[in-house]
Amino acid sequence: MKEKIRIMLVEDSNEYRHVIQFAFRDEPGFELAGVFGTAEQALRSLKRQAARVTPDVVLLDLNLPGISGLEALPELIKLAPETKVLILTQSETEADVLGTIKMGASGYLLKSSSIQEIRSGIRTVAAGGASMDSRMALYLLKTFRKDPVLADNDSILSEREMEILQLISQGLARKEIADELDISHKTVANHIAHIFEKLNVPNSPAAINKAHEKGLLGGDDRRG
């Protein structure tokens, strides 16, 4: 990971913007590279920066004036495919949680999260992991377990890929997975790339989503 994680904040509340700006102003390891009150402003900035340095993580509110965060998410990902989008919102709506994850968000946190939880979430998604508010994660698990699609696709991923996917679903970042399995970070990255390719997904939350839909991650079963 880079020495500093570059963050873009898209948030219409002046009060909450000031909270985040104050929290990250002098925080080691982070750089607040852009703060915007609307999605339109953020998108224009990304278009201007297309050939230069883009943020590592976008903190995106959903309830924005003009273009909503939900509407802006696909365009953000299109303009900056290497950038991770971490939803930071008050919305606990089930449709918002499912919709943003399916569209490629790397995590979903509520504004009631502590600053430490937000910092940790940013580090996790910047490292290639998935960050979810515990209540939202529990909702996702319950949703995907209601009607799992059990088909002849157990062999879609290799045993090692299944092992890594299971660790991703437990919230481990790539370095933690490498340590857990005693393999190199590069090997983990290669396996994850293969997982994304086989499942046709853009990131870890979407991979977990797809795996549950296919019945590959049912209950608490682990593959040995």
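Data for the structure
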read-out: The chain: most fluctuating residue of ASP182, ASP61, ASP96 per GNM, C-alpha cutoff 10 Å; value: ASP182
read-out: Average Cα contact separation per residue, the chain, under 8 Å, 6 or more apart, as relative contact order %; value: 16
read-out: 3J(HN,Hα) from dihedral phi, region 27-34, Karplus parametrisation 6.51/-1.76/1.60, rounded to Hz, x for glycine, proline; value: 7, x, x, 10, 9, 7, 8, x
read-out: Three-way shape call for region 1-131 based on the alpha-carbon gyration tensor, with the a/c threshold at 1.5; value: rounded
read-out: Inter-centroid distance (Cα atoms) of region 186-220 relative to region 54-72, Å; value: 25
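No value in this document is a laboratory result; all are computed from the given coordinates. Here the structure is a predicted model, which means the values were calculated and not measured.
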